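Worksheet: one structure, shown below.
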Amino acid sequence: MDKIGDHAIVLGASVGGLLAARALAESYDAVTVVERDVLPSGAENRHGVPQGRHGHGLLARGARTMDELFPGILDELIADGAPVIADGDLSEMHFVLGGHRLASSGRFRDHRATYVPSRPLLEHHVRRRVRAIPNITLLDGHNVGDLTTTPDRRRITGVQVGSREGVRTMTADLVVDAMGRGARTPAGLEKLGYGRPVEEHVVVHVVYRSQLLRLAPGTPMEKMVLIGAVPGRPAGMALFGYENGTWLFTVAAMAGREPPPSRDGMISAVEAYAPDHVVAALRTAEPLGEVAQHKFPSSQWRHYERMRRFPDGLLVFGDAICSFNPIYGQGMTVAAVEAMSLRDCLRRGEDDLSHRFFRAAKKPIGAAWQLAIGSDLALPEVEGPRSVQTRLGNAYVARVLAAAENDPVVVDRFLRVSSLMDPPGHLMHPALVGRVCIGNLRRHRRTGGAPMAVPSEIGTSLSALRR
C-alpha cells in the first residue's frame, strides 16, 4: 500500500509498543521503536516490565488478532513449548468465578484454543517478528525526553532521545506514546497549552505475588487453575502451566489486603478456598527463584477521545490510554485490537488521525472497562460509585455464573464475552437468558436454596449493556 509518511516513532517496546510498530510499518517508510531497557535476545524478564514475572492472559480475541498481525505466531509459540488447551477443553481448566465452579466438561462451540505462554516468551516472539520487518528499527538503551513541535505548537515534529553518547533529536511525521500508565503525554500536552485529558479511576489497590515452580513428576493438574475473589474475601489465586515444564503460582489481593510474602505463606493463604489437589501439588513443588511482587493502585482511563484540541503528529496507545486491573488479563488483548484499529485508521490517511484513532480505540477499551469495573465493584470492599446499570449487571452475572456450574454452553458464552470475543450485550441474548433462568431453577431444586431468578429490572438496562 502507499506510504503516508517518511518516519514514525514509537516510545516504548512493550507488547503494546511492538504491536503499534507493526501497524505503522505498513504506512511509513521507516518506524523506530525507542526503548529505555537493553532488550534481551531471548525469552527473559526485563526491568521495564515489572509485571512480567506474574501471570498474564492472552485472551481469545488477543490470540486471534496477534495471529492476524503476525501470521503463524501461535504455531511458533506452541513449537517453543507454550501450553495450549485444544478446542477449549473444559476438563483442562479449573475456574471458580464469583464463588461458582464452572462446568468441567465440554468444549467451546467454535473449537477455539486457549494459549498459555509466559509473558517473557510471548514478548520474545512478538519482538522477534517485529525485528524481522525490514523498515522497523528497535533502538534500545535510549531514554525518552521532551517532544519537539512546530513554532505554533500545532504539530509534534519528533522527540529528544538520550543515551551514553548524549542527547539528540529524532524527527518524525508521527510519534506514538506507548510508555504505559506512567506516560508523560498528559504533562506534555498541558505544557504545550492543550490541557490534560479527563481521567477516570477505580481504586483497587491490587497486590499480587508470584512464585515460579516445578511440580513433582506425575502430579495430576489442570493446565489452568483460576479462583477469583468473592465478597468477604477480596483475594484469589491462579496456577498456570508454562513452557519448559514450569508452573506459575500467583496470589492476588485487593482493597488494601496483601498476600503473604513467602511461598509457604501464599500456600497457607489459599488453603481455605483452593481444591485439595492444587494445595497438595503446591506443597510438593520445587520453587524456581524468589517470590516476585507487583502493586497496582487503580484502573485508569485517560479520555483522549474527549479532548477538543490535540496536536497533529501524536498518538497515545495501549496502557498509556487505559490500564485495567491486571487480574483480568485484558491489557495485551486490548492493545492488539487497538493495533488493528490503528492500521485501519492509517489506511484512510493522516487527516484527523488522532481523533479517528481515539474514537476507534474507545470501543474495545469501553468493553474491557465495563467488564473489569463491573467485576471490581461486585466486591463491597472496593470503593466506588455503583450505578443502577452496574448493580443490575452484577446481579445478572451472578446468575449466569450460577447456571454455568452445570451448563457448558453458558460457560462458553460467558468466556466469549470475558475474553472480548463478544460484546457484553451478548450475555443478554434471549436464548442465553432462557438457559440462565432454567439453570438457576434446576440449581434451586438440587440445593433447596432460594432460587436465583433473573430480576425483571435487568431488562431496563438491556440497551446499556448492549452498547
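The values are calculated or read from the model by the stated rules, or taken from the named source; none is laboratory data. Bear in mind that the values here come from a model prediction, so they are computed numbers and not experimental data. In this analysis, Cβ positions are derived from the backbone assuming ideal geometry, glycine residues included, and neighbour counts consider all displayed protein chains. Side chains included, ligands, DNA and RNA excluded: accessible areas come from the protein's heavy atoms. Shrake-Rupley method; radii C 1.70, N 1.55, O 1.52, S 1.80 Å.
What to note about this one:
- Selection within region 1-18 - closer than 14 Å to Leu346 by Cα and either of a type in the set (Phe, Trp, Tyr) or surrounded by 24 or more Cβ atoms within 10 Å (Cβ to Cβ) (or both): Ala8
- Answer residue from region 163-215, given it is among the acidic types (Asp, Glu) and at pLDDT 95 or above and is farthest from Pro326 (Cα to Cα) among those: Asp173
- For region 85-117, the candidate set comprises residues that are of a type in the set (S, T, N, Q) and surrounded by fewer than 19 Cβ atoms within 10 Å (Cβ to Cβ); within that set, the residue that is farthest from the chain's Cα centre (by Cα) is Ser105.
- Filter result for Arg168 (charged (D, E, K, R) and assigned to a strand (DSSP E or B)): yes
- Residue in region 152-160 that is over 18 Å from Ser27 (Cβ atoms), out of contact with any Cys (no Cβ under 9 Å at 6 or more places or on another chain), in contact (Cβ under 8 Å) with a residue 24 or more places away in the chain and of a type in the set (A, V, I, L, M) present: yes
- Among the residues listed as Ala82, Ala43, Ala63, the single one being of a type outside the set (Val, Ile, Thr), farther than 25 Å from Tyr273 by Cβ, open to solvent by 30 Å² or more (accessible area, probe 1.4 Å) and at pLDDT 90 or above: Ala43
- Hits in region 322-341 (condition: open to solvent by less than 10 Å² (accessible area, probe 1.4 Å) and part of a helix (DSSP H, G or I)): Thr333, Val334, Ala335, Ala336, Glu338, Ala339
- Among the residues listed as Arg399, Arg391, the single one being part of a helix (DSSP H, G or I), of a type outside the set (Asp, Glu), out of contact with any Leu (no Cβ under 7 Å at 6 or more places or on another chain) and buried (at least 19 other Cβ atoms within 10 Å of the Cβ): Arg399
- The condition of being closer than 30 Å to Gly256 by Cα, in a helix (DSSP H, G or I) and under 21 Å from the mean Cα position of the chain (by Cα) holds for only one of Pro186, Pro120, that being Pro120.
- None of Asp319, Asp344, Asp351 is more than 24 Å from Met224 (Cα to Cα) and not in a helix (DSSP H, G or I) except Asp351.
- Ile373 β-branched (Val, Ile, Thr), in a helix (DSSP H, G or I) and open to solvent by less than 50 Å² (accessible area, probe 1.4 Å): yes
- Residue in region 65-95 that is nearest to Met237 (Cα to Cα), counting only those that are out of contact with any Lys or Arg (no Cβ under 8 Å at 6 or more places or on another chain) and charged (D, E, K, R): Asp80
- Some residue of region 233-255 being in a loop (DSSP other than H, G, I, E, B), aliphatic (A, V, I, L, M), under 30 Å from Ala187 (Cα atoms) and open to solvent by less than 30 Å² (accessible area, probe 1.4 Å): yes
- Region 272-295 residues that are more than 16 Å from Arg209 (Cα to Cα), paired with ones that are open to solvent by 50 Å² or more (accessible area, probe 1.4 Å) (beta carbon under 6 Å, 6 or more apart): Val279/Glu271; Glu286/Arg214
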